[in-house]
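Novice: Take this structure, written in structure tokens, and hold onto it; I'll ask about it next.
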Amino acid sequence: MRKHLPATKKTWFRPLSSLYGAAVKLRNMLFDQGVIKSHTYPIPLICVGNLSVGGSGKTPHVELLLRKLTPKHKIAVISRGYKRSTKGLIIATPHSTAKEIGDEPKQIVSKFPGILMVLDGNRRRAMEYLLNLPKCERPDIVIMDDGFQHRYVRPSFSIILSDYNNPLISDSLLPEGTLREPASSRYRADAVIVTKCPQGLQPIDTRIARRDLALYPDQYLFFSHIVYGDTLRIQDLAKKVDPPPDISQEKIDHPLSINHQTPVIALSGIAKPELFQNYLRQHYNYIEEINYGDHHQFCSQDIKHIHDTYHRVQQQNDKQVIIITTEKDAVRLADILESFDKEVVSALYYLPIEVKILRGWEDSFNRMLDKAVKLTPYS
């Protein structure tokens, strides 16, 4: 049977959550009744979003769709580029820095340099830009990253994510919990993916999830799990050459032998680092961790702290120490490698990540995706 971690709740904020919920309900009602207009477009537009604030794995799931769709289709991705230094509409490229475009778009465009990545908080303006391109440059399909609450644009197909360890139905609205919308908003989605599941998820667990979510008969339900690849050097990522290898297809040889006895410092600046840290504990000699907030921008004080921690741990061990960070953190660190001394640079690694649909559900997921790419809001 599954055991969930309790959602983080601050019950003293419940009155504020009630006010917030009333405002969200009114806004959604105005969209549902057509008082505020949602714009539709004559192109398949797939939205990947969630109801909670961060940590459910939107970026790896966008990459999952790209791995399946890019071999056959010309794809554009729309993202706001959270915490980027630039403003307005810009086109991201593999040579853009994480500071310029945001860490998540940088991660995506580094892996899929052939896609068109449009950054704009105004998704309607981004869609108009794409549809006004010359026909030879126009995408076949658009994927909208984290756009479920952006109701001025109506997707032809919506996928929302629910963390297995913090199910949306057990969560509460902000600021008491982490939900941006009531859990009932899941009925607006075409599909729900329960993320971060254990690979050995039992049939009874899937039945419980289906019962708890109580989706409509025409809504899809899937389960995904995280797959970590072999550690890669951040300095290779910083060279901005070929995209990182497919972690499910290729093994990497490292100049430094990394095994379960290698002392490791875990460095993370993501919303929910527990799975990443637990993986390192299981596979390495886990010594220490350095934690920052989600999308953290590393400053000189942080760099000094990383240096000091590394050299202290190095002195305490008679083996080579390495620092392993997440893929999302790595794209930010790659931009500032010149701020680290050579010894720390050579010790900086990251753990590539992919998500996969659980075995037994892949064919159904592929059929759903085949249907989704043929849909427009007019269908």
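The values are calculated or read from the model by the stated rules, or taken from the named source; none is laboratory data. Here the structure is a predicted model, which means the values were calculated and not measured. Here Cβ is always computed from backbone atoms with ideal geometry, including for glycine, and neighbour counts include all displayed protein chains. Ligands, DNA and RNA are stripped out before the accessible areas are found, and what is left, the full protein with its side chains, is counted by its heavy atoms. Shrake-Rupley method; radii C 1.70, N 1.55, O 1.52, S 1.80 Å.
Novice: In whole percent, what relative contact order does the stretch 269-379 give with Cα contacts below 8 Å and a gap of six or more residues? Write out the running numbers ahead of the final one.
Specialist: Details: 60 pairs, mean separation 26.3, N = 111.
Across the stretch 269-379, relative contact order equals 24 percent.
Novice: For the peptides 290-300, 316-326, what is the packing order when you average, over each peptide's residues, the other Cβ atoms within 10 Å and list the highest mean first?
Specialist: On the way: 290-300: 14.6, 316-326: 18.1.
Taking the mean over residues of other Cβ atoms within 10 Å, the ranking is 316-326, 290-300.
Novice: May I pose another question? Running a GNM on the chain with Cα contacts under 10 Å, which residue among P203, P352, P105 ends up with the highest mean-square fluctuation?
Specialist: Its mean-square fluctuation being the largest, the pick is P203.
Novice: Kindly provide log₁₀ I(q)/I(0) values, in the same order as q = 0.21 Å⁻¹, from the Debye equation applied to equal alpha-carbon scatterers of the stretch 21-153.
Specialist: With one equal scatterer per Cα and no solvent, log10 I(q)/I(0) is -1.33.
Novice: Pop out the carbon and sulfur fraction of the accessible area of the chain as a percent, whole number, probe 1.4 Å. Before the final figure, lay out the partial values.
Specialist: Numbers: 9290 of 18000 Å².
Of the solvent-accessible surface of the chain, carbon and sulfur hold 52 percent.
Novice: Further, regarding this structure: Can you tell me which lysines have their Cα less than 22 Å from the Cα of K371? Leave out same-chain residues fewer than eight positions away.
Specialist: Cross-link targets: K58, K68, K72, K74, K356.
Novice: Here's a follow-up. With every protein chain present, what is the per residue accessible area of the chain (1.4 Å probe, Å²)?
Specialist: Ligands and nucleic acids excluded, the figure is 48 Å² per residue.
Novice: Note the listed values (i) 194; (ii) 155; (iii) 131, then indicate which one is volume of the Cα convex hull per residue in Å³ calculated from this particular structure.
Specialist: Read-out taken from this structure: (ii).
Novice: Right, here's the next one. Measure off 7 Å from each Cα along the Cα-to-Cβ vector at K342 and Q33, then give the distance between these two points in nanometres to one decimal.
Specialist: For the pair K342/Q33, the computed spacing is 7.0 nm.
Novice: Could you derive backbone 3J(HN,Hα) for the stretch 327-338 from the dihedral phi with the Karplus parameters 6.51, -1.76 and 1.60 (θ = phi - 60°), listing whole Hz in sequence and x where the residue is Gly or Pro?
Specialist: In residue order, the calculated couplings are 5, 5, 5, 4, 5, 7, 5, 4, 6, 10, 4, 5 Hz.
Novice: Multiply the residue gap between H95 and L133 by 0.36 nm, knock off their C-alpha separation, and tell me the result in nm, one decimal place. Please list the in-between numbers first.
Specialist: Numbers: separation 38, 0.36 × 38 = 13.68 nm, distance 2.20 nm.
Taking H95 through L133 to full extension adds about 11.5 nm, to one decimal.
Novice: Rounded, prolate or oblate for the stretch 272-348? Axes are the square roots of the Cα gyration tensor eigenvalues, ordered a ≥ b ≥ c, and the cut-off for rounded is a/c under 1.5.
Specialist: Oblate, since a/c reaches 1.5 and b/c is not below a/b.
Novice: Net charge near E288: determine it from the other residues with C-beta under 13 Å of the C-beta of E288, scoring Lys and Arg +1 and Asp and Glu -1. Please report the intermediate quantities before stating the final value.
Specialist: Values: positive: R281, R312; negative: E289, D308.
Computed value for this residue: 0.
Novice: If you don't mind, another one. Over the chain, what is the mean sequence separation of C-alpha contacts under 8 Å (at least six apart), divided by residue count, expressed as relative contact order in percent? Working shown, then result.
Specialist: Details: 675 pairs, mean separation 84.7, N = 379.
So the answer I get is 22 percent.
Novice: Sorting check: for 129-139, 87-97, which peptide has the highest mean count of neighbouring beta carbons within 10 Å, and how do the rest follow?
Specialist: Working: 129-139: 11.8, 87-97: 15.7.
Highest-to-lowest ranking by the protection proxy: 87-97, 129-139.
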